[in-house]
Amino acid sequence: MSLTQLHYTSAPPGPDGSGFRFTALTPGLPPSLLKEAEQLIGYEPPRDAPPRPTDAELAAFPEAFSYSRLSDGSWLLARTVYTGVDHSGRWGNFHAHALHLPTDTTPPRGALPITAWGSPQWAGRTPDGGVPEPLETLPASGRFDRDGLVMFAAARSPWLAGFFADLRGLSQDESAPRIIVIERNSADVARWIALASTVLPREDAQRLTFTTYTRRPELARQHVIGVLPEVGQGLTDYDHRYRVHDCAGGKPREPVADAWAEAAAVIWLGDAPELFREAASLADDRFAPGPLACVALCAGLELGTTGRAEAADWAHSHREALGEERLHRLVAALGAPAGDRTDPERAALFRLFTALDGRVPVASIAPLAALVLTEAVCSPGSVPGLHALRPDALTEGLRQRLAGELAPDLRAGVADGGRGASRPLELLRIADLLGVDCSDLLPEVARRLAHEMLAAPEKAHTPAVRLAVEEHFTLRTTLLGRLDELAAGDPLAAARLLTRIPLRFAESQALPHLRMCAEAPRVTAGGGDRVGVLNAVVRASGVSMFADPLVLRTAVRLIWQDSTPTAGEARLMLVEAGSDTHLAAGTWPSLLRAALEGPEDDLDVPDLAQNLLRCFTENLTPRQRASLLLLELARDLRSGSAGPGWTDRAMSLRAAAEPVERNVVEHAFGALAYRLLSTDCPDGELYALIHSRDPDLIGAYGRVARSRPVRDRLRTDPAYAAECFHTWSSHPQAGGAWQETRAELLDSVLRPVARDLSETDIAAVERCLERTGVRWAEEFRAWNRPGAFGRIGRRLTRRRRKSAAEGDRWGEVEPPREDGDLS
């Protein structure tokens with residue numbers, strides 16, 4: 001079958017008046033295709049071309065050899081050359097000879113398009129008669145011999161990897177930037193395309209479009225575009241649509257981070273292009289760097305750390321594909337000395353080593369084993385997967401050699417406290433494998449590890465740590481002992497550690513604090529009686545708190561954490577453990593806090609205070625003693641056993657206890673106010689309260705007076721109501737706190753009660769007041785009459801103003817007369 005051909009030229013105008021026209025065509029080509037092809041095969045000579053070139057100069061003109069995809073999916077392979085000007089000097093002549101390849105076809109016999117460069121079948125002029133000569137095939141020119149391309153690649157070594165990386169991007173994504181190559185000779189651009197066609201998978205190479213020369217790269221539609229330096233000036237920082245490689249005097253734009261491209265460059269520079277075909281037979285991914293890196297290393301070529309890591313990772317997953325011979329060559333290459341190894345490469349090498357360990361003879365992987373262990377010891381970072389190293393992975397001779405070489409670095413690394421928890425333990429395991437003695441370093445390793453595990457359990461408990469703790473008996477027992485010591489100081493951190501990381505405790509090891517930290521989360525989960533839980537946790541320690549009081553301290557911290565026991569819990573703890581045990585354990589301050597911070601409605605607080613005064617007499621500060629005595633006074637006031645001088649005693653103790661806890665004040669002043677509002681209040685106590693001018697004490701009196709028991713008694717006991725009216729209406733000069741409190745009590749407490757009383761009860765109240773003094777009964781009638789509140793209020797206000805004007809000092813107030821009238 002004859003190939004479809006097109007001939008196009010620039011010549012004097014033809015019959016249609018155009019100087020650009022097709023001069024010979026295979027019949028049957030549609031006009032739309034010819035119009036599109038016309039845009040692809042034109043030619044503009046270089047800007048500095050001589051106007052009338054000689055034959056020698058004409059031969060040096062660039063040749064535009066192109067391979068283009070047409071809009072209908074078909075292909076156009078074309079060669080356009082400059083033919084000089086006509087005799088009149090009016091027309092610049094070029095001739096284009098093109099082959100049209102239908103959709104889904106390739107060049108004849110599956111040849112790569114670039115191989116047709118320089119083929120003798122390309123015509124340099126229009127055939128006679130305007131009819132293309134039949135062309136069955138387009139044989140390869142043979143210009144691209146292996147040695148010539150190797151020499152060209154060596155000459156262009158700085159740009160190879162970058163060009164191949166951009167080439168891969170184009171093959172994987174049609175929207176990737178196209179490639180502009182700046183060369184002084186279009187034949188060199190063709191050599192770039194020949195290199196590309198060898199590197200790319202066959203199907204990608206057959207779809208790679210290109211042109212070896214154009215004066216307008218921005219109009220070119222091909223993947224690879226060749227330009228001369230005169231056009232390439234200013235293209236170094238071309239827009240995002242292009243990647244420019246200036247091989248005519250420029251430098252590579254930036255380092256290449258593409259393992260596939262780097263390996264491809266190394267193969268060309270290593271004079272081994274046949275490896276591309278070998279790698280293609282192994283690859284399941286056409287641009288996977290691993291196969292390319294593997295065959296390069298097997299062939300003795302040197303790759304950087306990224307290439308070696310890719311080869312190791314690919315071999316790890318494709319050991320069978322490589323075969324025994326290649327695998328042994330790869331292991332030998334990977335085990336060779338190298339000074340640029342990175343942590344990813346070390347990790348990849350160890351993954352490969354562990355995959356081969358036990359599956360191939362030990363002697364076969366000895367170079368890799370020696371490398372892995374040497375890198376693990378000498379490199380600053382951790383080697384992932386080192387915990388999987390098997391004891392029988394080394395021959396005896398290799399073990400002895402490595403032990404002699406690595407012993408100093410191993411011991412130094414195990415002793416280094418600044419390298420984290422995992423690193424010394426990895427090295428310790430290697431030391432055990434090689435027989436290097438590091439037993440004297442274990443206590444310090446265990447100490448550092450214990451601190452790191454308490455501070456950050458998940459971070460510290462790496463596979464290396466886990467394996468070392470499981471395998472190394474001496475390390476494990478030393479570590480657990482150190483953790484137990486630390487648990488005594490910070491049991492909550494130890495409990496958190498044990499909830500995240502289960503540690504096995506040997507029965508032969510005491511570890512009382514660790515055992516309590518392990519038990520506490522289980523027994524506290526359901527809540528309930530915390531003192532009972534305390535006893536359960538102490539029992540879990542395996543020792544008596546009387547023999548070792550510190551277990552009591554640990555248990556208290558585990559159960560109450562940052563909170564304080566209740567007064568009832570503190571009393572039970574004091575009874576069960578005794579004061580001496582609490583003193584030795586240092587837990588008695590928590591009992592003290594339970595008393596001093598207990599709420600006012602906790603009736604166990606005063607009893608606990610009395611117990612603490614009895615048990616810890618020598619240990620209390622004066623302030624603490626005064627606070628507890630305040631609470632004891634509250635106990636005695638409520639029980640009725642307090643001696644005389646309640647108010648004065650409460651005020652003096654309160655002054656000695658400053659700064660006193662608010663709850664302590666509320667306990668003491670609340671109990672005092674309760675007694676002052678009772679019927680058996682001694683003479684002078686209420687007077688002392690009223691004239692104390694203490695807002696807390698008077699406020700406590702007001703709160704108790706507003707309580708339900710007081711209101712109920714006011715409704716049922718006329719004598720009590722009369723006494724309260726007498727008290728709350730007296731002592732107008734006693735100060736602002738009392739004035740505000742008594743006025744508020746008269747208005748909000750007594751008045752609602754009085755309005756609800758029957759006439760009989762009102763009369764009973766008045767009779768009680770008459771026994772105190774006739775004027776008090778009259779005051780009550782006036783106060784209780786409807787509309788009288790305003791008058792009484794004004795009267796009380798006048799009294800307050802008068803007392804304030806007179807100075808109203810404590811020492812100027814006289815005790816009341818028997819009738820209670822201070823006027």
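Quick notes
- Residue list for the stretch 573-594, restricted to those being acidic (Asp, Glu) and either in contact with a Leu (Cβ under 8 Å, 6 or more places away or on another chain) or more than 19 Å from residue 529 (Cα to Cα) (or both): 580
- Residues of the stretch 689-719 satisfying the condition of being surrounded by 17 or more Cβ atoms within 10 Å (Cβ to Cβ) and at pLDDT below 90: 689, 690, 691, 692, 694
- Unmet criterion (only one of (1) polar (S, T, N, Q); (2) within 25 Å of residue 145 (Cβ to Cβ); (3) buried (at least 18 other Cβ atoms within 10 Å of the Cβ)) for residue 281: (3)
- Lone qualifier among 515, 553 - being within 42 Å of the chain's Cα centre (by Cα) and within 30 Å of residue 462 (Cβ to Cβ): 515
- Residue among 730, 803, 823 that is over 60 Å from the mean Cα position of the chain (by Cα), modelled with pLDDT of 55 or more and polar (S, T, N, Q): 730
- When 452, 485, 507, 470 are checked against the criterion of being part of a helix (DSSP H, G or I), over 30 Å from the mean Cα position of the chain (by Cα) and not aromatic (Phe, Trp, Tyr), a single residue qualifies: 485.
- Taken as a whole, the structure places residue 309 among residues that are surrounded by 21 or more Cβ atoms within 10 Å (Cβ to Cβ), within 20 Å of residue 356 (Cα to Cα) and within 36 Å of the chain's Cα centre (by Cα).
- Test: residue in the stretch 441-458 that is loosely packed, with under 15 Cβ neighbours inside 10 Å, without any contact (Cβ under 8 Å) to a residue 24 or more places away in the chain and of a type in the set (D, E, K, R): no
- In the stretch 4-46, the qualifying residues are those that are over 21 Å from residue 61 (Cα atoms) and β-branched (Val, Ile, Thr), and the one that is modelled with the lowest pLDDT is 23.
- Breaking point among (1) closer than 20 Å to residue 738 by Cβ; (2) part of a loop (DSSP other than H, G, I, E, B), for residue 687: (2)
- Residue 431 being closer than 14 Å to residue 503 by Cβ and either of a type in the set (A, V, I, L, M) or surrounded by fewer than 17 Cβ atoms within 10 Å (Cβ to Cβ) (or both): no
- For the stretch 331-345, the criterion of being modelled with pLDDT of 90 or more and closer than 22 Å to residue 269 by Cα is satisfied by at least one residue.
- Flag if residue 638 is of a type in the set (Lys, Arg), surrounded by 18 or more Cβ atoms within 10 Å (Cβ to Cβ) and in contact (Cβ under 8 Å) with a residue 12 or more places away in the chain: no
- Residues located in the stretch 528-575, provided they are in contact (Cβ under 8 Å) with a residue 24 or more places away in the chain, in a helix (DSSP H, G or I) and among the charged types (D, E, K, R): 530, 553, 557, 569, 571
- Condition met for residue 227 (in contact with a Leu (Cβ under 9 Å, 6 or more places away or on another chain) and among the aliphatic types (A, V, I, L, M)): yes
- Checking residue 725 against (1) surrounded by 20 or more Cβ atoms within 10 Å (Cβ to Cβ); (2) touching a Lys or Arg at 6+ places or on another chain (Cβ under 8 Å); (3) modelled with pLDDT of 90 or more, the condition it does not meet: (2)
- Residue match in the stretch 554-573 (condition: more than 30 Å from residue 701 (Cβ to Cβ), small (Gly, Ala, Ser) and surrounded by fewer than 20 Cβ atoms within 10 Å (Cβ to Cβ)): yes
- Residue within the stretch 151-167 that is touching a helix residue (DSSP H, G or I) at 6+ places or on another chain (Cβ under 9 Å), surrounded by 22 or more Cβ atoms within 10 Å (Cβ to Cβ) and within 15 Å of residue 67 (Cβ to Cβ) present: yes
- The listed residue being closer than 19 Å to residue 720 by Cβ and either touching a His at 6+ places or on another chain (Cβ under 9 Å) or touching a residue at least 60 places away in the same chain (Cβ under 8 Å) (or both), out of 674, 687: 687
- Hits in the stretch 208-240 (condition: more than 23 Å from residue 43 (Cα to Cα) and either in contact with a Pro (Cβ under 8 Å, 6 or more places away or on another chain) or modelled with pLDDT of 90 or more (or both)): 240
- Residue count for the stretch 653-684 under the criterion of being within 50 Å of the chain's Cα centre (by Cα) and assigned to a loop (DSSP other than H, G, I, E, B): the result is 5.
- Evaluation of residue 123 against (1) surrounded by fewer than 21 Cβ atoms within 10 Å (Cβ to Cβ); (2) touching a residue at least 40 places away in the same chain (Cβ under 8 Å); (3) out of contact with any strand residue (DSSP E or B) (no Cβ under 9 Å at 6 or more places or on another chain) (one fails), failing number: (3)
- Residue in the stretch 169-209 that is surrounded by the fewest Cβ atoms within 10 Å (Cβ to Cβ), counting only those that are more than 41 Å from the chain's Cα centre (by Cα) and small (Gly, Ala, Ser): 187
- Given (1) more than 27 Å from residue 283 (Cβ to Cβ); (2) in a loop (DSSP other than H, G, I, E, B); (3) free of Cβ contacts under 8 Å to residues at least 24 places away in the same chain, number of the condition residue 151 does not satisfy: (2)
- Just so you know, in the stretch 210-221 the residues that are buried (at least 21 other Cβ atoms within 10 Å of the Cβ), under 51 Å from the mean Cα position of the chain (by Cα) and in contact (Cβ under 8 Å) with a residue 60 or more places away in the chain include one that is nearest to residue 82 (Cα to Cα), and it is 211.
The values are calculated or read from the model by the stated rules, or taken from the named source; none is laboratory data. The shown structure was predicted, so the numbers you read here are calculated from the model rather than taken from an experiment. Note that we place each Cβ from the backbone using ideal geometry, even for glycine, and neighbour counts take in every protein chain shown.
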